[in-house]
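What follows is a short report on a single structure.
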Amino acid sequence: MHEDRNQPEPAADASSAKESVATRIALRRGQLGMSQEEVATRAGMSTTYLRQVEELGTGFDPGALMRLAAVLDMSYEELTTGRRDVPPGRGGPAAHPVLARLSEQECWQRLGTHGIGRLSYTAGAAGEAPVVLPVNFLVDGQSVVYRTDPAGAAAVRSGAQVAFETDHIDEATGRGWSVLVTGTVEHPAGPDALEALALRYGSAPWAGGRRDLWIRIVPHKLSGRVIQPLRKD
């Protein structure tokens, strides 16, 4: 083992790198269906050396780690420190978490005025798997609205039954909440109403492009849950 000072440095936190590098290598090998021997051969190292990398994860030749990252189709940073664009909820639960229900008023409070959520509906015949799509939404009175391409996947027909969900997780504390809206789709009409929606902050479509069809979800049921630490009186 040696250190090439012309190469990027491995992660500074040795205890974190020891665990995460080994885990990332093993998981990525499994995803690619590659054995240790195959990875080692392609990376130009012995199987014994690769085993040491997987077991120790730090203190190794950065050049070797860079070759290993290339074989695993990862960047050097992703291999040594992990991805930055990962799903939320990787910080682990809070100490003594409790799951509680939210009142309808608390659900609307958490929905706020706008944000991003997930639309779910069944596009085909009954029994087919539902479609789930991210949309950026507005809260308009006691309903949820979003805009989409009339020919797009989120252009649900008027009268369809849909579900809409949004949530938040605090990585530092392990607290979180989710709100689920189930209801019926309407297509709001009237130029004044549509213009007022289009002028609202947060109405611009995150997906870009021209999206002239507005969808309103009129709730039949509004429910929510919150995860919070156990209160000790």
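Annotations for the structure displayed:
- Rough spin-label spacing in nm, given labels placed 7 Å along Cα→Cβ, for Arg200 and Gln142: 1.6 nm
- Answer label for Cα Rg over 2.2 N^0.38 Å (calculated), chosen among (i) 1.74; (ii) 0.97; (iii) 1.39: (iii)
- Solvent-accessible area, 1.4 Å probe, carbon plus sulfur percent, for the chain: 51 percent
- Looking at the range 76-233, the accessible area is 61 square angstrom per residue; that uses a 1.4 Å probe and ignores ligands, DNA and RNA.
- Neighbours of Glu38 by Cβ distance under 13 Å: Lys/Arg scored +1, Asp/Glu scored -1, total +2.
- Per-residue [θ]222 nm for the chain (sum of -39500 (n - 2.57) over DSSP H runs n ≥ 4, rounded to 500): -9000 deg cm²/dmol
- Under 5 Å from the amide H of Gly224 lie the amide H atoms of Leu102, Leu180, each residue being 5 or more positions distant or on a separate chain, with H modelled from the backbone and absent for Pro and chain starts.
- Percent RCO, i.e. relative contact order, over the range 89-213, from Cα pairs under 8 Å lying at least 6 residues apart: 27 percent
- Taking Cβ atoms as reference points and 9 Å as the exclusive limit, the residues near Pro150 contribute a net charge of -1, counting Lys and Arg as +1 and Asp and Glu as -1.
- Phi angles of the range 200-217 translate, via the Karplus equation with coefficients 6.51, -1.76, 1.60 and θ = phi - 60°, into HN-Hα couplings of 5, 5, x, 7, 4, x, 5, 6, x, x, 8, 9, 9, 8, 9, 10, 10, 9 Hz per residue; Gly and Pro are given as x.
- Near the amide H of Phe137, within less than 5 Å, lie the amide hydrogens of Gly115, Ile116, Gly117, all on another chain or at least 5 residues away, with H placed in the peptide plane.
- Asp192/Ala100 FRET efficiency (R0 30 Å; Cβ-Cβ; nearest 0.05): 0.15
- A Cα-only calculation for the range 121-186 places Rg and Dmax at 14.0, 43 Å.
- Near Cys107, once Lys and Arg are set to +1 and Asp and Glu to -1 for all other residues with Cβ below 14 Å from its Cβ, the sum equals 0.
- Over the chain, relative contact order from alpha-carbon pairs under 8 Å, at least 6 apart, %: 20 percent
The values are calculated or read from the model by the stated rules, or taken from the named source; none is laboratory data. Source: prediction; values computed, not measured. Neighbour counts are summed over all protein chains in view; Cβ atoms, including those assigned to glycine, are modelled from backbone coordinates with ideal geometry. For the accessible areas, the whole protein counts, side chains as well, though only heavy atoms, and no ligand, DNA or RNA atoms are used. Shrake-Rupley method; radii C 1.70, N 1.55, O 1.52, S 1.80 Å.
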